[in-house]
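First the structure, in the form of structure tokens, and then the observations on it.
The values are calculated or read from the model by the stated rules, or taken from the named source; none is laboratory data. A quick note: this is a predicted structure, and the numbers were derived from the prediction, not measured. For neighbour counting, all protein chains shown are included, and Cβ atoms are generated from backbone atoms with ideal geometry for every residue, glycine included. For the accessible areas, the whole protein counts, side chains as well, though only heavy atoms, and no ligand, DNA or RNA atoms are used. Shrake-Rupley method; radii C 1.70, N 1.55, O 1.52, S 1.80 Å.
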Amino acid sequence: MQCACGSGLPHDRCCGPYLDGDDQPPTAEALMRSRYTAYTRGDIGYVEATLAADRRGAFDAVAAKDWATRATWLGLRIVSSVRGQPGDADGVVSFVASYREAGKTIEHHEVSQFRRDADGAWRFVEGDARAVVTEPKWAAATAKVGRNDPCPCASGKKYKFCCGR
């Protein structure tokens, strides 16, 4: 079975060992992918365990579980990764997670910050997120976005420098 994170690898050779506790993600992006996979499986214990210790007190596991099970997960796209490699102390991963909820397709755009704990494990610190409800295909076909137009995701950037990459 292919991993839900979209890497193209089988689950047992991708996020599976991380979710099972057999290994630690070597990069911030690998942690991001494994957290997405945990959401698709409703494994909120993993999501909570991979939070930075100073962020766990504000985590609402019940709400996270409700959202994870209510959503139909469609896919993950990594937009960019800055630092977050095996020798780094911190990193930033920008991604888009798509899902369906209440009959709408939603694209969750987020820029997430990660850092290493004292034990060397990558942890999620915080994310700057926005959700965009996508238009039905018939509406999208009539509203074309040019390369130099503002990006429809409301980032404030030109389309060619944002979602048009």
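What list of ³J(HN,Hα) values in whole Hz, one per residue of the stretch 91-99 in order, does the Karplus curve 6.51 cos²θ - 1.76 cosθ + 1.60 (θ = phi - 60°) give from phi, with Gly and Pro shown as x?
Rounded to whole hertz, the list is x, 10, 10, 9, 8, 10, 10, 9, 7.
Heavy-atom accessible area of Asp60 with all protein chains present, probe 1.4 Å, nearest 10 Å²?
90 Å²
Skip the ligands, DNA and RNA, and give the accessible area per residue of the chain with a 1.4 Å probe, whole Å².
Accessible area per residue: 56 Å².
Where a Cα-Cα gap under 13 Å defines reach, which aspartates and glutamates qualify for Lys158, not counting those fewer than 8 residues away within the same chain?
Lys158 reaches Asp149.
May I ask you to list the aspartates and glutamates whose Cα is less than 16 Å away from that of Lys65, ignoring any residue fewer than eight positions away on the same chain?
Cα-Cα hits under 16 Å: Asp43, Glu48, Glu101.
So, R0 is 22 Å and r is the distance between the beta-carbons of Ala61 and Glu101; what FRET efficiency does that work out to, to 0.05?
E between Ala61 and Glu101, to the nearest 0.05, is 0.70.
For Glu110, what charge total do you get from the other residues with a beta carbon under 12 Å from its beta carbon, if Lys and Arg give +1 and Asp and Glu give -1?
0
Kindly sort Glu101, Glu48 by accessible area of their heavy atoms, largest first, with the probe set to 1.4 Å.
Descending accessible area places them as Glu48, Glu101.
Quick one: pull the percent of accessible area on the stretch 1-101 belonging to carbon and sulfur, 1.4 Å probe, ligands and nucleic acids left out.
49 percent
When only the heavy atoms of the protein chains count and the probe is 1.4 Å, how do Thr27, Thr37 rank by accessible area, highest first?
So the residues, ranked largest to smallest area, are Thr27, Thr37.
So how much slack lies between Ala52 and Asp90, counting 0.36 nm per residue of separation and subtracting their Cα-Cα distance, in nm?
Here the answer is 12.5 nm.
FRET efficiency for Ala129 and Asp12, Cβ-Cβ distance as r, R0 = 25 Å, nearest 0.05?
My answer for the efficiency is 0.25.
So between Asp22 and Leu74, what do we pick up on full extension, going 0.36 nm a residue minus the alpha carbon distance?
16.1 nm
When a/c is below 1.5 the answer is rounded, else prolate if a/b is larger than b/c, else oblate, so apply that to the chain with a ≥ b ≥ c taken from the square roots of the Cα gyration tensor eigenvalues.
Verdict is prolate for the chain.
Counting only C-alpha contacts under 8 Å and six or more residues apart, can you give the relative contact order of the chain as a whole percent?
Dividing the mean separation by the residue count of the chain yields 16 percent.
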